[in-house]
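Q: Below is a structure I'd like to ask you about.
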Amino acid sequence: MDKKTQKLLAAFREKAEKLGFDGVNIAPADGIPQAGGRLQTYLDRGYHGSMGWMAETAERRSSPAGLWPEVRSVIMLAMNYGPDAAPENHPLAHLKDRSTGGISVYARHRDYHDVMKGRLKELASFLISRAGGDVKVFVDTAPVMEKPLGQAAGLGWQGKHTNLVSRDLGSWFFLGSIFTTLELPPTGAERDHCGSCRACLDSCPTAAFPAPYQLDARRCISYLTIEHPGPVPAEFRQAIGNRIYGCDDCLAACPWNKFAEAAREAKLIARDDLKNPKLGDLLDLDDPAFRKLFSGSPVKRIGRNRFLRNVLIAAGNSGRPDLLEKIAPLLTDPDTTVRSSAVWAFCQLASAEDVRSRKTEILPLEMDENVRKEWLAHPS
């Protein structure tokens, strides 16, 4: 590397650190030659579930050049969102109290897209002003293979749970990328450090890993609570427990997290009201209240109805009959997915007599197939 490039990259890294990034590495644009084939195998097996956009964008997603032919280097950046080390802030602390709901660590404050995008643009402008060329910036919204590129750049390696793991940041970091027409020296790929460990695989409540380094999204709680439309399949409801948005079990199980530190970016530090919120409070949410509570949060994007579906599953798993007074009004909610989920939750907590009474009262009026199926699934 010549001195001019060395000086440029040193200044770029210093700028990135000031903007809150915790890792800056470079991958060549052709650094993930196997990614396209692996993606196609994933799609052929149907592991993407209802995420049809993955198949639609597969060709562009397969390589950086497929998305932008002019790209020569990809700058990969990491931003830490690690939880505080206090026991009450542990990612799985919510599992101890079934009257609360668990929101994935990454979604307990501001949407990371909003936090990172502007800073990536500022970094990209900095690069152009110093070295010229053209750039494009991405944060998890375009068909970019961030995790393989992160490994090719040396930020970490894709663990057996398919997420990127870093020796410095553990599992808790976001990825952003700057595609550039500049030829920049790559920092070198990271090798796999998982060894014989399978803690992440064994921790999955729904057995979503058919094999190490393979994820069947159709069984993944993050997919089921965020991407999946309509009612959650009955076979997964009890295993979901009180996870109401995403799932951190496989990330939290990784022993490399012993090196992780708490997030230093204030907008990524968990809000107190999103750490293990009470299910009873969440069941009261109408659409305006939902939007207000989750303003600026990634949770907002799934909408009130899908979120209430998740909360109702958690309520049904809570063992708390006192929640029935909150669930009962949702049996006639305007949204059919909320109604069908309310039926399931109600039947988990109510006595046979109460189920029979409600069924007699509501079922003759109910025309939606999913809701009828829920009532008829309970023989009380």
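The numbers here are math on the coordinates, done by the rules we state, and not lab data. Remember, it's a predicted structure, so these values are computed and weren't measured experimentally. With ideal geometry, Cβ positions are generated from the backbone for all residues, glycine too; neighbour counts draw on all protein chains shown.
Q: Check which residues have an amide H placed less than 5 Å from Phe173's amide H, if you skip close sequence neighbours.
A: The answer is Tyr81.
Q: Quick query: amide H of Tyr245 versus all other amide H atoms, modeled in the peptide plane; which residues come in under 5 Å with a sequence gap of 5 or more or a different chain?
A: Correct list: Gly102, Ser104.
Q: Where does the chain land on Rg(C-alpha)/(2.2 N^0.38 Å)? Don't jump to the answer; show the numbers that get you there.
A: Details: Rg = 22.7 Å, N = 380, 2.2 N^0.38 = 21.0 Å.
The chain yields a ratio of 1.08.
Q: Kindly point out, ordered by number, any Cys in the chain whose beta-carbon has no other cysteine beta-carbon under 4.7 Å away.
A: Cysteines lacking a close Cβ partner in the chain: Cys194, Cys197, Cys204, Cys220, Cys247, Cys254, Cys347.
Q: I'd like the FRET efficiency for Asp202 and Leu95, computed as 1/(1 + (r/R0)^6) with the beta carbon distance as r and R0 of 22 Å, rounded to 0.05.
A: 0.90
Q: Would you mind estimating how fast region 172-271 diffuses translationally, via Stokes-Einstein at 10 °C and 1.306 mPa s with the Kirkwood radius over Cα pairs, in µm²/s?
A: 96 µm²/s
Q: Ordered by residue, what ³J(HN,Hα) values in Hz, to whole numbers, does region 293-300 give under the Karplus form 6.51 cos²θ - 1.76 cosθ + 1.60, where θ = phi - 60° and Gly and Pro are x?
A: 3J(HN,Hα) across region 293-300, in whole Hz: 4, 9, 4, x, 9, x, 4, 4.
Q: Rounded to the nearest 5, what is the percent of antiparallel bridges among the DSSP beta bridges in region 3-277?
A: Roughly 90 percent of the beta bridges in region 3-277 run antiparallel, per DSSP.
Q: Give the relative contact order (percent, whole number) for region 278-380; include only Cα pairs under 8 Å separated by 6+ residues.
A: About 24 percent, as a whole number.
Q: Here is a further query. Rounded to the nearest 20 debye, what is the charge dipole size of the chain about its Cα centre when +1 sits on each Lys and Arg Cβ and -1 on each Asp and Glu Cβ? Walk me through the numbers on the way to the answer.
A: Working: 50 positive and 47 negative charges, 134 e Å.
Dipole magnitude for the chain comes out near 640 debye.
Q: Find the lysine pairs in region 229-380 meeting two conditions, Cα atoms under 30 Å apart and a separation of 8 or more places or different chains, and report how many there are.
A: Close lysine pairs under the 30 Å cut-off: 22.
Q: Under a no-solvent Debye model with one identical scatterer per Cα of region 278-380, what's log10 I(q)/I(0) at q = 0.13, 0.19 Å⁻¹?
A: -0.44, -0.88
Q: A further question on this structure: Sort out for me the Cα centre separation of region 75-94 from region 123-173, rounded to whole Å.
A: After rounding, the separation between the Cα centres reads 18 Å.
Q: List the relative contact order of the chain as a percent without decimals, with contacts defined as Cα pairs under 8 Å and 6+ residues apart.
A: The value is 20 percent.
Q: With a 10 Å cut-off between alpha carbons and a GNM built on the chain, which of Tyr112, Tyr42, Tyr81 moves the most?
A: Of Tyr112, Tyr42, Tyr81, the most mobile in the Gaussian network model is Tyr42.
Q: Among the listed pairs Lys15/Lys121; Lys121/Lys147; Lys15/Lys160, which are separated by more than 22 Å between their Cα atoms?
A: Checking Cα-Cα distances, Lys15/Lys160 exceed 22 Å.
Q: Can you work out the FRET efficiency for the pair Ala85 and Glu227, with r the C-beta to C-beta distance and R0 = 22 Å, to the nearest 0.05?
A: About 0.10, to the nearest 0.05.
Q: From the phi angles alone, apply the Karplus equation (6.51, -1.76, 1.60; θ = phi - 60°) to region 47-52 and give each ³J(HN,Hα) in whole Hz, x where the residue is Gly or Pro.
A: Result, rounded to whole Hz: 5, 7, x, 8, 7, x.
Q: Could you sort 7-18, 320-331 so that the peptide with the highest average Cβ count within 10 Å comes first and the rest follow in order?
A: 320-331, 7-18
Q: Using modelled amide H (1.01 Å from N, peptide plane; none on Pro or chain starts), what sits under 5 Å from the amide H of Gly23, excluding residues fewer than 5 places away?
A: Amide H to amide H, under 5 Å and 5 or more residues apart or across chains, Gly23 pairs with Ala78.
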